1. Report, ordered by chain and residue number, the lysines lying within cross-link reach of B:Lys135, taken as a straight Cα distance under 23 Å and ignoring same-chain residues fewer than 8 apart.
2. Search the structure for amide H atoms under 5 Å from the amide H of A:Gly239, placed 1.01 Å from N in the peptide plane, and list their residues when 5 or more places away or on another chain.
3. Please report, to two decimal places, log10 I(q)/I(0) for the range A:79-137 at q = 0.22, 0.26 Å⁻¹ as given by the Debye formula with identical point scatterers on the Cα atoms and no solvent.
4. Label 7 Å along Cα→Cβ of B:Asp372; the range B:125-166 residues with amide nitrogen under 12 Å?
5. If amide hydrogens are placed 1.01 Å from N in the peptide plane, which non-local residues have theirs closer than 5 Å to the one on B:Lys231?
6. Viscosity 0.692 mPa s, temperature 37 °C: Stokes-Einstein D of the range A:2-153 from its Kirkwood Cα radius, in µm² per second?
7. Please list A:389-401, B:254-266 highest first by mean number of surrounding beta-carbon atoms within 10 Å per residue.
8. Need the full-extension length gain, A:Asp214 to A:His408, defined as separation in residues times 0.36 nm minus the C-alpha distance. One decimal, nm.
Protein chains: 2
Amino acid sequence: MEKKFAELRRRFEEVAALGSAGGLLGWDQRTYMPPKGAEARGKALAALEEVLHAKFTAPETGRLIAEIYDWAQAKGHDSFEASYLRALKRDYDKEVKLPAEFVAEFSLACTAAYEAWHKARAASDFSAFAPHLEKMVRLNLRKAQYLAPALQPYDALLDLYEPGMTRAKLDALFPELLAGLKPVIRGIAANKDKVSDAPFRGDFDEAAQLRLADELVKALGFDFERGRQDKSAHPFTGGSSRNDVRITTRTLKDWLPSCVYASLHECGHALYELGSPEEFEFTPVAGGAGLGLHESQSRFWENVIGRSRPFARWALPLYRKHFPGKFDGVSEEDLYRAANHSESSLIRVEADEVTYNLHIALRYELETLLLDGKLKVKDAPELWNAKMKEYLGVTPANDAEGVLQDVHWSQGMIGYFPTYTLGNLVSAQLYGAMKADLGDTDALVAKGEFAPILGWLGKKIHVHGRKYLPEELLQKAIGEKIQVRPFVEYIGAKYSELYGFRL
Amino acid sequence: MEKKFAELRRRFEEVAALGSAGGLLGWDQRTYMPPKGAEARGKALAALEEVLHAKFTAPETGRLIAEIYDWAQAKGHDSFEASYLRALKRDYDKEVKLPAEFVAEFSLACTAAYEAWHKARAASDFSAFAPHLEKMVRLNLRKAQYLAPALQPYDALLDLYEPGMTRAKLDALFPELLAGLKPVIRGIAANKDKVSDAPFRGDFDEAAQLRLADELVKALGFDFERGRQDKSAHPFTGGSSRNDVRITTRTLKDWLPSCVYASLHECGHALYELGSPEEFEFTPVAGGAGLGLHESQSRFWENVIGRSRPFARWALPLYRKHFPGKFDGVSEEDLYRAANHSESSLIRVEADEVTYNLHIALRYELETLLLDGKLKVKDAPELWNAKMKEYLGVTPANDAEGVLQDVHWSQGMIGYFPTYTLGNLVSAQLYGAMKADLGDTDALVAKGEFAPILGWLGKKIHVHGRKYLPEELLQKAIGEKIQVRPFVEYIGAKYSELYGFRL
């Protein structure tokens, strides 16, 4: 059995090593690749993907999994062997259930849909994207059927991004969340002039923004010996191993938070990957447990820490250092308030932490209705706009700033959006549990002492890699299921104080 | 047959696409990879190499080659099909002749030898490297035996780097070259104070050096839509496709030519790759025909063009623009002379165009003697030093600046060095033929009009990719075999005028 496990590990390590190559190619595609290199890069990635799929789904892998699964589980649920086999079997089952022809058809359809979406958004013409969205819905229903015919289609898809999550759980979470946020949004709207973001508006040298971003993530614990930070149009976290984790940020000359908070957000993702144990490298338990938990880390550092009062106190001297003169008349409190200006707006990626989840709720409703056949694709823009009005009181002037704004559906991803909200909820739960363990973290943050905070996250979350399903891991870490209340309380307390209203 | 050719192409395209991925991984390893990412990168490259080798040497590929080779040749020697099959068969035969166990043994020995060399050089302790060099000699003899048992071992190895080249040809070239250069080196030594490199010494902002390097290569024809220039410790040309060619340069704060001429050199390599026809992409005829021809391109732009009088005239305003004030008192003639300061020295990579080939002649002699068993490894340092004294009149103070200076032998490369000299010789031949076709190229260079020059190289050399063996291509391009005379005449005329002596 030991020998079979060793053989399985050898096989998977090869797959993971090829995946690591793919990781680098993807990073480069979005950072340094010269424009005309795109076509060849597409071919290289496709060839790599094909080899990877063939190696991963080799019948011998399936045989080995079947032969040693029980032996591994007998070592105890928490053992490396048991966790390794659980994670591998989950991935393997998903990968072999999709017929190669279907994968190819899906991939081609995504390429076409992405191009159509790109043009449709530029022209703000939903009708040009509609047939592709219809196809995406049909293909996702087929995908769900392949993956888990016994499940509701949406649950089968959700499981790709957040293993173990179900529509039943989300159907309970979202209404509670909306109900909790509604009075906060109302309070902010009634007091909108009380918080100013003026300190962040001006003319900020872009090289200085990047130097500030490097200094911030380094202070948080990002290890430049094991990673890099670069620029890209859309910030992301990528890389090719736990010792090569790469984040990107962007710069807007006249709006400093774009760089700073993209950087803190991606750093949160990176710290999770950097915290994955050395001995998990190139195994199925390397990395993070689900997109929701990953997002909890990015949101934790971006919002819970990065938009806190003590963070503003610590960071103000850094702002002054990198932008001489620009922050002379700005107090710690001014900086704190500027980082927490909230306003209902049209675009998800620009939304603040109060309104963000309403953008997600809307997408969740639309994509479940589409899958159920209860919403026709052609009626999606109208429902989108109506929901925007209902939830946020704003109405898109056109489909480009409405139903066409996000890339996800055009890339075949239905069931992905809720993980953003799960991340937000979990970030607040972790914050509560952390304070119970560490006491007053504000004092640490104000001094820029982030190591105990990162250490706590490492011990509770990062060290487990992908050993457990997300909810199982959360239970293990802090003894809770995913809950709405801590997030709503965090938002309510913070913004009622900031904007001066009672809840 | 058409169908079989299509199948062969499909198979090779996959191999080439995976090779393209490897190209990017290698580039990143030497430019942007964080230090601790090295181990995982090694695994990714090894996994990729294994897949690539397995795919390339699949028996089906061999069968298809055998089945359609004659059909392809019947299309005519110059046809795409015939050239494709010739190039592919050459590569395939080499790849299948080496047993997998031998490849693995060789690769492990190289890793060990490289590490030993690195430490031995740092400690200037040849004895620590000697056993590895012995092993490299033995393994290269075995390699030669696998590849071409009917050939002299050195010829079999040479063929890896410069297909068609033989020791017999080199044994004729080198003495003529040495004889031709000897009086030039003597003349320079007797007049060494007549040419000053002072304009290039000083304090040069490194970012400005890189901006100048970008502007220079852009003017030569390097297309930043299809490539990049970055910094690395050792300049190189890499990339992942004809539309993604990446060069690097280096900067020394107090010695400007290090950046400028590394950049021009690598740009020469890059222009060759960029000139490989679009329809050759991901086929065996993509790229350049042998290392010697490749080096002829880099040397042509670096030396023949880049160290010419009209180039100095054109470039002086650029030097003044990027280093305000620093070149005010420098004339075009001063700049030209500074770029051609020549002096016998110990280190190959720092040698000028006059003395460079003597460094190669020495290495050629040593490595052939080692293969023949006529020189014992332990006696190599002594012979090295004696030859340095004989050829260049200088003596290394220790082995680090003597026999241990180059990486090649530690990476298992015996038979590689002569390609540097072949490149130098060919660059002068091409220059002669170009002037016969284009007339006075000096006037073009002085105006920075490099397009007709690049166009000529493209039409004569680049457009043929790897369709022909190097000497066949040279014959086709300019109707000549490789010759010593044009290079010796070029060097003699240039340096006797510069240093003011008669030949």
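Bear in mind that the values in this text are calculations on the coordinates, not laboratory data. Fair warning: this is a prediction, and the values are worked out from it, not measured in the lab. As a convention, Cβ positions derive from the backbone with ideal geometry for all residues, glycine included, and neighbour counts pool all protein chains shown.
1. In chain and number order, the partners are B:Lys94, B:Lys97, B:Lys119, B:Lys143, B:Lys374, B:Lys376, B:Lys378.
2. So A:Gly239 has HN proximity to A:Trp27, A:Arg246.
3. Here log10 of I(q) over I(0) equals -0.82, -0.96.
4. It comes to B:154, nothing else.
5. Placed amide hydrogens put B:Thr249 under 5 Å from B:Lys231.
6. Diffusion coefficient, whole number: 180 µm²/s.
7. Numbers: A:389-401: 15.6, B:254-266: 22.3.
Going from most to least packed, we get B:254-266, A:389-401.
8. Values: separation 194, 0.36 × 194 = 69.84 nm, distance 2.91 nm.
Working it through step by step, the gained length comes to 66.9 nm.
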